[in-house]
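Coordinate-derived values only; no laboratory data. Owing to the predicted nature of the structure, the values given are computational and were not obtained by experimental measurement. Every residue, glycine among them, receives a Cβ derived from its backbone with ideal geometry; neighbour counts consider all protein chains shown.
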């Protein structure tokens, strides 16, 4: 095997104490850093200046009656004569209203004078009904019932009423939502069915579950490479709920073939695990995944939205937030975006980093925390002079503070794939040549073990096995090069064996490859930034295709080299069906290219 590469995990190793802690209760981890955010944050109340009341609600969830378990955090002094705006939040996947990060939100915002309703999402904790993946028609409808409570339109099951929430009009409370991962997408799902939501802060969540779990970075209408470790980890957590939760509400048992998810969710996971993509079933799978994703309903979201996404996140990468951001901007919805250091795959958690960590209570002292407070100050308190900060901000580990911009930087530097394995800055430097790789029947490249922390094992450094990949390497950089955003590659491959089967009617017969960009130090050590790769199922090997790689924020130091690689496999994904040799040819006027969103420096 080639020299192992560094994973560049910055401060947090990939080991997780549990998938629930990091992915399900993601907000117990940190957020962003150093520059002061605009706007004066609310002053925290002292300890004990709020009460917590456990409540139950029977709500309509898409035609089905579901019980929702919630805690109401009410600041002292808030009553019908002294009203306050509200914050609504729920758990990440596998969590509940009582997990550390979710409860921390209730305490943090109640301490700042917000009425906060924290609830266990459908199918989790002591809430009833099945896991339906933040479906706006089910989960969004259920959350709308809780907004009815905050607006005084209904009482909790025990008769408790909320006649102390600031209202824009009768039945319309001033309410914002915040949460991470599963607790992020529910905000967009709720706002799509209920226009009364006034502000959203979705963190580390998805845009399109079809892309999240079965990504194809070359074509969204062709299924991709199954992200089997992440998907099956969440599936097992969900299906294990009837065994893990005592005295389970009977409405949380699915008698139609799976235990705890809605049936179509189980069918989706089974199809992906089969390794097959028959036309009809595959289209149904894609349609379902997108129906429970913002990609299908974001046009109905009008509430001001502060998107926060993690750079260290192989589950929901930066591209997902950027897709939501661009769609919201295009339709005129007020939106801004922050790329923080941490996500589902790790990142900075140490107290000295300056990154948001609700468990540390640093909303007021972290960059992202202050941005969140300013967002709610503007849109929930209605203080129109509050500055909510720049349109786009990103964490940098090479200098203090966040970088900011009016938009995500465009692609600005192009490098060409030469036939001698070099990455060059001018077509005239391209050497004619052809090189081949072939896949084995098992994975021969490794980016990450997505669930390594669950079973207490270390994650090997990324590697590629000779003969099963091709790489192109630049000359040493003369100055540092800062890349912010998603690189793009244009490729053309030759694979006669794939040509013969790619129109078989089963998309599994199409060619699969994995594109990635390494940082190569002068001593030869390679770093795969945040262990991110771009899976591709090539739509048609007889035609050129374009690959959008995962977004990164990374400085390539002077003396380092960029290396672009396409590999035949990756251990975190399903790969090719059968052996499919691949040849890549290069000529000055006919070669592939890598484009980079460079904000400073020149890769030459």
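In the chain, what percentage of the DSSP-assigned beta bridges are antiparallel, given to the nearest 5?
Values: 72 of 102 bridges.
The answer is about 70 percent antiparallel.
Out of these labelled values of volume of the Cα convex hull per residue in Å³, (1) 173; (2) 154; (3) 141, which was calculated from the coordinates shown here?
Computing volume of the Cα convex hull per residue in Å³ and matching it to (1) 173; (2) 154; (3) 141 gives (3).
In degrees between 0 and 90, to the nearest 10, how far off the longest principal axis of the chain does helix 228-239 point, with axes built from Cα atoms?
Around 30 degrees separate the two axes.
Determine the relative contact order of the range 409-600: mean sequence separation of Cα pairs under 8 Å and six or more apart, normalised by residue count, in whole percent. Walk me through the intermediate numbers first.
Details: 494 pairs, mean separation 75.8, N = 192.
Dividing the mean separation by the residue count of the range 409-600 yields 39 percent.
At a Förster radius of 41 Å, what calculated FRET efficiency corresponds to the Cβ-Cβ distance of residue 56 and residue 385, to the nearest 0.05? Intermediate results must be reported in sequence, preceding the final value.
Working: r = 40 Å, r/R0 = 0.99.
That pair, residue 56 with residue 385, gives E of 0.50.
Which percent of the Cα-Cα distances in the range 319-410 go past 21 Å? Provide the component values of the computation, followed by the final result.
Numbers: 1556 of 4186 pairs.
Tail of P(r) above 21 Å: 37 percent of Cα pairs.
Kirkwood Rh and Cα-based Rg: tell me the resulting Rg over Rh for the range 211-291, rounded to two decimals.
1.02
Which semi-axes, in whole Å and largest first, does the equivalent ellipsoid of the range 409-600 have when worked out from the alpha carbon gyration tensor as the square roots of 5 times its eigenvalues? Can you show the working numbers first?
Numbers: eigenvalues 130, 101, 42 Å².
Computed over the range 409-600, the values are 26, 22, 14 Å.
Work out the FRET efficiency for residue 334 and residue 169 from their Cβ-Cβ distance, taking R0 = 22 Å, and round it to the nearest 0.05. Don't jump to the answer; show the numbers that get you there.
Working: r = 20 Å, r/R0 = 0.93.
The calculated FRET efficiency here is 0.60.
Please give the helix 367-379 orientation as an angle from the longest Cα principal axis of the chain, in degrees from 0 to 90, rounded to the nearest 10.
In the chain, helix 367-379 runs at an angle near 50 degrees to the longest axis.
If I model the range 188-341 as equal point scatterers sitting on the Cα atoms and use the Debye formula, what is log10 I(q)/I(0) at q = 0.08, 0.12 Å⁻¹?
The computed values of log10 I(q)/I(0) come out as -0.26, -0.60.
Quick one: plug the Kirkwood hydrodynamic radius of the range 497-576 (C-alpha pairs) into Stokes-Einstein at 37 °C, 0.692 mPa s, and report D in µm²/s. Show your work: numbers first, answer last.
Values: Rh = 14.3 Å.
Translational diffusion coefficient: 229 µm²/s.
Compute the angle between helix 263-274 and the longest alpha-carbon principal axis of the chain, please, reported from 0 to 90 degrees and rounded to the nearest 10.
Around 20 degrees separate the two axes.
Going 7 Å from the Cα of residue 253 along its beta-carbon direction, which residues of the range 125-140 have the amide nitrogen within less than 16 Å of the resulting point?
Residues 128-131 qualify, since their backbone N sits under 16 Å from the label point.
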